[in-house]
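*Asks:* One structure follows; several queries about it will come next.
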Amino acid sequence: MTTNGTQPPRIGVLALQGDFAEHAASLRACGAEPVEVRLPADLAGLDGLIIPGGESTTIARLLDAYGLLEPLQALTRSGLPTWGTCAGAIILAKRAPGLDRPNLAAMDIGVQRNAFGSQKDSFETDLAVAALNGRPYRAIFIRAPIIDEVGPRTEIVAQLEDGSVVAARQGHLLATSFHPELTGDDRFHRYFLQIVRESAHPAPGGK
Amino acid sequence: MAVEKGTWLLKRGLAQMLKGGVIMDVVTPEQATIAEEAGACAVMALERVPADIRAAGGVARMSDPDMIIGIKEAVTIPVMAKARIGHFVEAQVLEALGIDYIDESEVLTPADEAHHINKHDFRVPFVCGCRNLGEALRRIAEGAAMIRTKGEAGTGDIVEAVRHMRALWDDIRRLQNMPEEEIYTAAKELQAPYDLVKEVHDIGRLPVVNFSAGGVATPADAALMMQLGAEGVFVGSGIFKSDNPAVRAKAIVKAVTHYNNPEILAEVSRGLGEAMRGTSARSLAPEQQLAGRGW
């Protein structure tokens, strides 16, 4: 995108809590311009948004405390390309049982939080991901959720061997249970930037 | 396809998920619920907060497993617990209980005055304290996947936390500017493995997440540590030894997210009631100072 002389896409990274710095670094490595989002004013002129890993209870509270919830609900429903990783997927999901605060409820998926148990059951494994050409994708699952319900307009992007859905896409929305920002393999970030390009969303609100 | 557990990426990765957050000491399931409600990114389950450990004297050990299980059942956020320095069996017990992170902590009475736990032996990750770069890298060499600067726990006095954070970054900056041929001697002086010293020289930071601990009592203290280079904070006695723990806990969570925004810091600093009374770290006799424990 920088190579054809146009502006690099401006991708917001929700920076309330979690590993937002890792996402920002991955975006920079892919030629995009990351923008840390902590307040509604930071949403102006974004081409896309990433909700990072972290603690979903903490992120949900801070979304509410500083007036980000409603503008983000509006933006994600009106077509702003948005990707949630792990806690971020929980924040995006329409159904997240146990999350005791409102979330963006933008994507037609249900998630089961912390589906694999405590940290000693966190794991890494290779995933076959058809949307990413080539070799398997090394995925890092840290106290991860699974996507246990997929709406009719949602496509499955990746599954574990037992069939558990761990990545899904609904048009401009992407959710992954795992953390592509931790591996140095930037193919998921490039996939998301492809969604951003396809959506070519006219610079959304937040003025 | 093969599934791997307990890898370095997973251990370090959980600490990365805690960044920008506040880890709160709690001693009951009720306190854990208050901490989670306030937005803590994790809780540290222990029998007494450091201020009470100081007051009680005696030997401070790993907490009662029943208490830890009660706290685990009360919240969905990660639960950490402390083991004594060098007490690898306490760590085995905590791992068996399904604790998410073990703090090999100077706040408890050390079990070994020469050796820390070999943390590579465990699937559960460890956080350890440090006062400077050498100490941090020795802990990482032993397998710590997260570091916290020590401060002086249970005092409510931020001065030691500042000292340790500044010392750590001072060491890192010095190393970063060093020509490569001097790194061998630097490793000797830091008493840390060459490979880790070289890595810090190359990347200009610790290879794991670093929080601040020991003495945070106000939102401004928390933001101070963030501006000095912490990636998150531990708050021990500062919350539940204050007048209004729920309100103060929320304020400290907001202060860590918006640590660079003085308007928000001013707003969250209002109406908190009295902070913990505290003890000046300078007034402690050497044997009362916890930060000196660890080798």
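The values are calculated or read from the model by the stated rules, or taken from the named source; none is laboratory data. Keep in mind that this is a model prediction, so the values were computed, not measured. Glycine gets a Cβ as well: all are built from the backbone with ideal geometry, and neighbour counts include every protein chain shown. To get the accessible areas, we keep the full protein, side chains included, count just its heavy atoms, and leave off ligands, DNA and RNA. Shrake-Rupley method; radii C 1.70, N 1.55, O 1.52, S 1.80 Å.
*Asks:* Return the residue satisfying two criteria in turn: it lies in region A:35-50 and is hydrophobic (A, V, I, L, M, F, W, C) and within 13 Å of chain B (Cβ to nearest Cβ), and of such residues it is farthest from B:ASN260 (Cα to Cα).
*Replies:* Looking at residues that are hydrophobic (A, V, I, L, M, F, W, C) and within 13 Å of chain B (Cβ to nearest Cβ), I get A:ALA41.
*Asks:* Scan region A:193-202 and give yes if some residue there is over 14 Å from the mean Cα position of the chain (by Cα), small (Gly, Ala, Ser), over 26 Å from A:PRO152 (Cβ atoms) and at pLDDT below 95, otherwise no.
*Replies:* No, region A:193-202 contains no residue that is over 14 Å from the mean Cα position of the chain (by Cα), small (Gly, Ala, Ser), over 26 Å from A:PRO152 (Cβ atoms) and at pLDDT below 95.
*Asks:* Here's another thing I want to ask about it. Just the residues that are more than 7 Å from chain A (Cβ to nearest Cβ) and under 19 Å from B:ALA45 (Cβ atoms), please, taken from region B:12-27.
*Replies:* Hits for region B:12-27 are B:ALA15, B:LEU18, B:VAL22, B:ILE23, B:MET24, B:ASP25, B:VAL26, B:VAL27.
*Asks:* Take the residues in region A:9-34 that are open to solvent by 10 Å² or more (accessible area, probe 1.4 Å) and among the acidic types (Asp, Glu), then tell me which one is nearest to the other protein chains (Cβ to nearest Cβ).
*Replies:* A:GLU22
*Asks:* Please identify the pairs in which a residue from region B:108-127 that is under 15 Å from B:TRP295 (Cβ atoms) has its Cβ atom under 8 Å from the Cβ atom of a residue that is acidic (Asp, Glu) and at pLDDT 95 or above, counting only partners at least 6 apart or on another chain.
*Replies:* If the second residue must be acidic (Asp, Glu) and at pLDDT 95 or above, the pairs left are B:ALA111/B:GLU90; B:HIS116/B:GLU104; B:HIS116/B:GLU142; B:ILE117/B:GLU104; B:ILE117/B:GLU142; B:ASN118/B:GLU142; B:LYS119/B:GLU104; B:LYS119/B:GLU142.
*Asks:* Could you please find all residues in region A:64-84 being within 14 Å of another protein chain (Cβ to nearest Cβ) and crowded, with 24+ Cβ neighbours inside 10 Å?
*Replies:* Result: A:GLY84, single match.
*Asks:* Now for a separate question. Cβ-Cβ distance below 8 Å, separation of 6 or more or different chains: which pairs start in region A:102-129 with a residue that is within 7 Å of chain B (Cβ to nearest Cβ) and end on one that is polar (S, T, N, Q)?
*Replies:* From region A:102-129, the pairs are A:ARG113/A:SER56; A:ARG113/B:THR76; A:ASN114/B:THR76; A:GLU124/B:THR7.
*Asks:* Residues that are in contact (Cβ under 8 Å) with a residue 40 or more places away in the chain, touching a Ser or Thr at 6+ places or on another chain (Cβ under 6 Å), among the β-branched types (Val, Ile, Thr) and not in a loop (DSSP other than H, G, I, E, B): does region B:133-153 have at least one?
*Replies:* The answer is yes, given that some residue of region B:133-153 is in contact (Cβ under 8 Å) with a residue 40 or more places away in the chain, touching a Ser or Thr at 6+ places or on another chain (Cβ under 6 Å), among the β-branched types (Val, Ile, Thr) and not in a loop (DSSP other than H, G, I, E, B).
*Asks:* Then there is this: Is it the case that some residue within region A:35-44 is in contact with a Phe, Trp or Tyr (Cβ under 9 Å, 6 or more places away or on another chain) and open to solvent by less than 20 Å² (accessible area, probe 1.4 Å)?
*Replies:* yes
*Asks:* Confirm whether B:VAL124 is within 14 Å of chain A (Cβ to nearest Cβ), touching a Gly at 6+ places or on another chain (Cβ under 8 Å), assigned to a loop (DSSP other than H, G, I, E, B) and crowded, with 19+ Cβ neighbours inside 10 Å.
*Replies:* yes
*Asks:* Please enumerate the residues belonging to region A:109-124 that are open to solvent by 30 Å² or more (accessible area, probe 1.4 Å) and either polar (S, T, N, Q) or part of a strand (DSSP E or B) (or both).
*Replies:* A:GLN112, A:ASN114
*Asks:* I would also like to ask the following. In region B:1-56, how many are free of Cβ contacts under 8 Å to residues at least 12 places away in the same chain and of a type in the set (Gly, Ala, Ser)?
*Replies:* Matching residues across region B:1-56 total 4.
*Asks:* If you scan region B:127-147, which residues turn out to be of a type in the set (D, E, K, R), within 15 Å of the chain's Cα centre (by Cα) and open to solvent by 10 Å² or more (accessible area, probe 1.4 Å)?
*Replies:* B:ARG131
*Asks:* Give the residue that is surrounded by the most Cβ atoms within 10 Å (Cβ to Cβ), with candidates limited to residues of region B:1-11 that are at the interface with chain A (Cβ under 7 Å from one of its Cβ atoms) and part of a helix (DSSP H, G or I).
*Replies:* B:LEU10
*Asks:* For region B:32-39, does any single residue satisfy the condition of being surrounded by 22 or more Cβ atoms within 10 Å (Cβ to Cβ), within 14 Å of chain A (Cβ to nearest Cβ) and not in a helix (DSSP H, G or I)?
*Replies:* There is at least one residue in region B:32-39 that is surrounded by 22 or more Cβ atoms within 10 Å (Cβ to Cβ), within 14 Å of chain A (Cβ to nearest Cβ) and not in a helix (DSSP H, G or I).
*Asks:* Please determine, by comparing only the residues of region B:232-261 that are open to solvent by less than 10 Å² (accessible area, probe 1.4 Å) and among the polar types (S, T, N, Q), which one is modelled with the lowest pLDDT.
*Replies:* Checked region B:232-261; the qualifying residue modelled with the lowest pLDDT is B:SER237.
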